[in-house]
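Here the structure comes first, spelled out in structure tokens, and everything after it is commentary.
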């Protein structure tokens, strides 16, 4: 087996001290070290296939330069994009991100959390599911740095970066009312998750403030998991009866995908007979003959901010930072 190269081996070949090699390879500010010497050290390290002993480094610095990221479902385009932006921002700061999906299950969430902590991650970025506060309390009680992203718990005093979901839904409904829509329905999730319930609250508040009647049955709720058939039934009910809706606010891109699939099979003209606004963009919705108007979340900014809040927290900045970001209404053909 080939012997691993050491700092001493590199130093001997270059003709400098071991301390100088360590200084350069650990990305310290080079100061008065000539660029030529620094470049030669890196060149020799590459030639000798030198690898930093991360275990030794972590013992010395008490850091592993890794972040654990727990999302609900990495196959969901929203979370996969968010994860990519977090990875990019962390990489700029010299951190590696380890990712796992909880699938909204408490047991899987706790298993992921324990696994990441066993691997000595320096901190966690978390999109937590419902009823997971007790696991977050464990992190707080043990002074483990973490930031909630997208989802948060109002009664939990901790770092988070999320969307102003109330304001986003309020803005969407106001826009539909300004465009002359009088019968606006909504399909949303039946859940305890605060950020999704804020979307329902914004929908109802916008109708109330504009003195439009809030009719029973105009707000349809479906299960958070495996809900495609329920979404189709909800949309069918809203489009039926003596007074069908003339506009739909859809609480997620997943709901929108299922709803649009059904609407496309019906003889309903969008936007002439039915206007549609969704939360979040979706490549699938771009294929619809009337591209869907949607509330755009500032994913890149959310990811960058969450990452930097976590890194500040890792550096023992105990200030709690809570941010609700504004959504942008992207107006397209469906509304």
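Tabulated results
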read-out	value
Residue in the stretch 129-138 that is at pLDDT below 95, under 22 Å from residue 76 (Cα atoms) and within 13 Å of the chain's Cα centre (by Cα) present	yes
Filtered residue count, the stretch 255-279, keeping only those that are under 28 Å from the mean Cα position of the chain (by Cα) and modelled with pLDDT under 90	0
Residues of the stretch 266-288 that turn out to be part of a loop (DSSP other than H, G, I, E, B) and either touching a residue at least 24 places away in the same chain (Cβ under 8 Å) or touching a strand residue (DSSP E or B) at 6+ places or on another chain (Cβ under 7 Å) (or both), as a count	11
Boolean, residue 306 is within 26 Å of residue 146 (Cβ to Cβ) and in contact with a strand residue (DSSP E or B) (Cβ under 8 Å, 6 or more places away or on another chain)	yes
Residues satisfying the stated conditions in the stretch 87-99, i.e. in contact (Cβ under 8 Å) with a residue 24 or more places away in the chain and in contact with a strand residue (DSSP E or B) (Cβ under 6 Å, 6 or more places away or on another chain)	90, 95, 96, 97, 98, 99
Qualifying positions in the stretch 113-133 - touching a strand residue (DSSP E or B) at 6+ places or on another chain (Cβ under 8 Å) and within 20 Å of residue 159 (Cα to Cα)	113, 116, 117, 121, 122, 123, 124, 125, 126, 127, 128
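The values are calculated or read from the model by the stated rules, or taken from the named source; none is laboratory data. Since the model is a prediction, treat every value here as computed from it, not as a measurement. Note: ideal-geometry Cβ built from the backbone for every residue, glycine included; neighbour counts use all protein chains shown.
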